[in-house]
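All of the numbers you see were taken from the coordinates with simple rules; none came from a lab. Computed from a prediction, not measured in an experiment: that's the story for all the values here. Cβ placement follows ideal geometry from the backbone for every residue including glycine, while neighbour counts extend to all protein chains displayed.
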Amino acid sequence: MRYPVLRIIKDKVLSNARVIADMCGSLEIDVWGVTKGLSGDPRLAALYEEAGFKGVSDSRIRNLKKIKMSGVSLPRQLMRIAMRSELEDMPDIVDVSLQSEPETIRRLDEIYARRGVTGQVLLMIDVGDLREGFWPRELPRAGEYFHDLRGGVEITGVAANFACASGLLPSPENLERLVSYRDMLQDSLDYELPVISVGGTCCLKLIEEKKVPRQVNQVRVCEGVLLGMDTAFNREIPYLERDALTIVAEIIECKHKPSVPSGEIGLQSFGERPIFIDRGMRKRALLGIGRQDVNVDRIIPLEQGVHIVTASSDHLIVDVTEADSTCSGEDFYKLGDTISFRPLYPAMLAASTSEFVELCFE
Ligand SMILES: *Cc1c(COP(=O)(O)O)cnc(C)c1O
């Protein structure tokens, strides 16, 4: 085995996905599996398919392309508002996209029509998170923007995001508002908009409590399936597995050193000024993983007596002094051993994106 690896236990991801699919299914809500958490890895898309999700969703066209090439047959949704420079790539790969700029939608319509394919568009509505989406005041005029689409794209619904940019939480009240915006758009466009899509994982809480308006029929999730966590509501999701993913890194140096550096201290390589507390001599393990591969503030050591000290681009330093004392043996950790961590969302994102971390599905 080459390290570092991001280890993914397939059965646990699948079991989480099935639990979510069943729960949402009982309320007639389709689940679209978001793959960006593992950089669009097709093996994840295949698990989503196996669990009965209705589509895959990613923010990058390149990820959706990989999934398409892998043979997973679920429809593909592009979740990030498209750049003008990527529109030409979409007809071959993207079945549904989330959009918020009329100009982009009209260009997309032209491009899809020229290629002789039809794409679907969900209009993003900003219900207050202040990332992407039509501001509600624009909605009554939407009909004017879209009355002359030429059949390249069809607008089939609306979508909204929660807890992405500002941490706005979904509530029965703001979801009802989303439904009313959909109705307003329907009136303005004068055709049916059957889809109301919400995301991400934070929406599961309202689904659990059956507090979602019945018109909401699609949810996009990533974090819950992979990590069993709901960062927005700051909770562990009690009915999901939280240990499906681990990051494993290898010890490349293991030595006793003082806990305070010697000499004049400036800023470390990331422009921060570390704080040192004198704990005497400590046993420090240097791991072959760094800030280029992982967000070191967002990983949790899984083994007892391991504490993260600091990290630079290519190294993570952990204090393992206690591991020796708690585990009778003199040298609990040695050169060549590995140490495992539980990634939180940002660390999972970084690790799966780093070409130096291998994704290992087991
Ligand atoms: C990332 C993302 C999601 C998934 O969010 P999670 O909280 O990880 O489930 C859903 N929708 C959009 C638009 C996203 O960018």
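A few notes on this one:
- Qualifying GluC sites (Glu not before Pro) for segment 19-108 [loop in DSSP, other Cβ within 10 Å: at most 15]: Glu28
- Taking other residues whose beta carbon is less than 15 angstrom from the beta carbon of Asp190, and scoring Lys, Arg as +1 and Asp, Glu as -1, yields -4.
- Comparing Gly52, Gly33, Gly116 in a Gaussian network model of the chain (Cα springs below 10 Å), the most mobile by mean-square fluctuation is Gly116.
- A Cβ-based charge dipole, computed about the Cα centre of segment 1-67 with Lys and Arg at +1 and Asp and Glu at -1, lands at about 540 debye.
- Cα-centre dipole for segment 1-138 with unit charges at Cβ (Lys and Arg positive, Asp and Glu negative), debye to 20: 680
- Of Lys66/Lys211; Lys66/Lys210; Lys54/Lys211; Lys10/Lys283, those spanning more than 28 Å from alpha-carbon to alpha-carbon: Lys66/Lys211; Lys66/Lys210; Lys10/Lys283
- Helix 102-115 axis versus longest C-alpha principal axis of the chain: approximately 80°, rounded to the nearest ten.
- DSSP-loop GluC sites (Glu not before Pro) across segment 201-232, with at most 13 other Cβ within 10 angstrom: Glu209
- Separation of alpha-carbon centers, segment 152-216 and segment 245-323, rounded to whole Å: 44
- Basic side chains Lys and Arg get +1 at the Cβ, acidic Asp and Glu get -1 at the Cβ, and with that the dipole of the chain about its Cα centre reaches some 320 debye.
- Electrostatic bookkeeping for Gly55 treats Lys and Arg as +1 and Asp and Glu as -1; over the other residues with beta carbon under 13 Å from its beta carbon, the sum is 0.
- FRET efficiency, Asp314 to Ser59 (Cβ-Cβ, R0 25 Å, nearest 0.05): 0.40
- Angle in degrees between helix 61-70 and the longest Cα principal axis of the chain, rounded to the nearest 10: 90
- Cα-projected label distance for Glu253 with Thr338, points at 7 Å along beta-carbon direction, nm: 2.3
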